[in-house]
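**Student:** The following block contains the structure, expressed as structure tokens.
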Amino acid sequence: MKKWIPVVLALFLTACSSSDQKTYYQLPVLSSAPAAGSVLSSGMVEQRKLWVEHVSVADYLAGSGLVYQTNDVQYTLTQNNLWASPLDQQLQQSLVTYLRRDLPGYLVSGQPASSDDQDVLNVNVTGFHGRYDGIVVVSGSWTLTRQGQTVQRDFALNLKQGEDGYDALVRTLATGWQQEASQIAAQVR
């Protein structure tokens, strides 16, 4: 009987010490060629300026876990599949990268320019999650202010997730975000 005590104790300690494995995700910045018709002229003296002032996310997206919609009214915030850095920061950084690529005649920045002559972009993301039916949702609105004029647009993308799993979910979310960045660039032009 005494020889079973170390085995039981070892199993007990192993069960108590093993914690759920956490996985961290960062949105990949997808590479593609600049949008058609966006060629930088080498003789350009002054660039237009675009300040991506703020990208905000809905409260349910602001946590560290990825969000998954389990039915028409329920959402789950994952405990072990987490964003490597705050989602709003990832979205803003990748948006600046995409806009720089798609708007070569612009100086695109996440910081304000020293001059007052700049366009200002604000984005509010209300949906950035996977869904029970294999659809990935990227939705929200953006506002562009240029020379006292304001343009606001809503966006709602539903993309089919090609594979199961959180890796595929994050890649599909990144694809949707890249598509929306291209739409924003087209409106800015």
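**Student:** Which condition does GLY176 not pass, out of (1) modelled with pLDDT of 95 or more; (2) part of a strand (DSSP E or B); (3) not basic (Lys, Arg), if it passes all the others?
**Tutor:** Evaluating GLY176 over (1) modelled with pLDDT of 95 or more; (2) part of a strand (DSSP E or B); (3) not basic (Lys, Arg) leaves (2) as the failure.
**Student:** Given the condition over 18 Å from SER56 (Cβ atoms) and polar (S, T, N, Q), answer yes or no: does some residue in the range 119-138 qualify?
**Tutor:** no
**Student:** Also: Among the numbered criteria (1) in contact (Cβ under 8 Å) with a residue 24 or more places away in the chain; (2) over 27 Å from ARG48 (Cβ atoms); (3) assigned to a strand (DSSP E or B), which one does VAL138 miss?
**Tutor:** Condition (2) is where VAL138 drops out.
**Student:** While we're here: Go through (1) within 17 Å of the chain's Cα centre (by Cα); (2) outside any strand (DSSP E or B); (3) charged (D, E, K, R) for ASP154 and report which single condition fails.
**Tutor:** ASP154 satisfies every listed condition except (2).
**Student:** Would you call GLN89 open to solvent by 30 Å² or more (accessible area, probe 1.4 Å), under 19 Å from TYR60 (Cβ atoms) and within 18 Å of the chain's Cα centre (by Cα)?
**Tutor:** yes
**Student:** Okay, next question. Which condition from (1) at pLDDT 95 or above; (2) crowded, with 18+ Cβ neighbours inside 10 Å; (3) not polar (S, T, N, Q) is the one that LEU144 breaks?
**Tutor:** In the conditions (1) at pLDDT 95 or above; (2) crowded, with 18+ Cβ neighbours inside 10 Å; (3) not polar (S, T, N, Q), LEU144 misses (1) alone.
**Student:** Out of (1) over 11 Å from the mean Cα position of the chain (by Cα); (2) part of a helix (DSSP H, G or I), what's the single condition that is false for LEU159?
**Tutor:** Failed condition: (2).
**Student:** Also: Scan (1) within 22 Å of PRO28 (Cβ to Cβ); (2) without any contact (Cβ under 8 Å) to a residue 40 or more places away in the chain for the single condition GLY148 breaks and write down its number.
**Tutor:** Condition (1) is where GLY148 drops out.
**Student:** Can you tell me which residue is farthest from LEU30 (Cα to Cα) among those in the range 168-181 that are in contact (Cβ under 8 Å) with a residue 60 or more places away in the chain and open to solvent by 10 Å² or more (accessible area, probe 1.4 Å)?
**Tutor:** It comes out as ARG171.
**Student:** While we're here: Return the residue satisfying two criteria in turn: it lies in the range 116-135 and is farther than 16 Å from HIS54 by Cβ and touching a residue at least 40 places away in the same chain (Cβ under 8 Å), and of such residues it is surrounded by the fewest Cβ atoms within 10 Å (Cβ to Cβ).
**Tutor:** Applying the filter and picking the extreme gives ASP117.
The values are calculated or read from the model by the stated rules, or taken from the named source; none is laboratory data. This is a predicted model, so every value here is computed, not measured. Glycine also receives a Cβ, built like all others from the backbone with ideal geometry; neighbour counts cover every protein chain displayed. Accessible surface areas use protein heavy atoms only, side chains included; no ligands, DNA or RNA. Shrake-Rupley method; radii C 1.70, N 1.55, O 1.52, S 1.80 Å.
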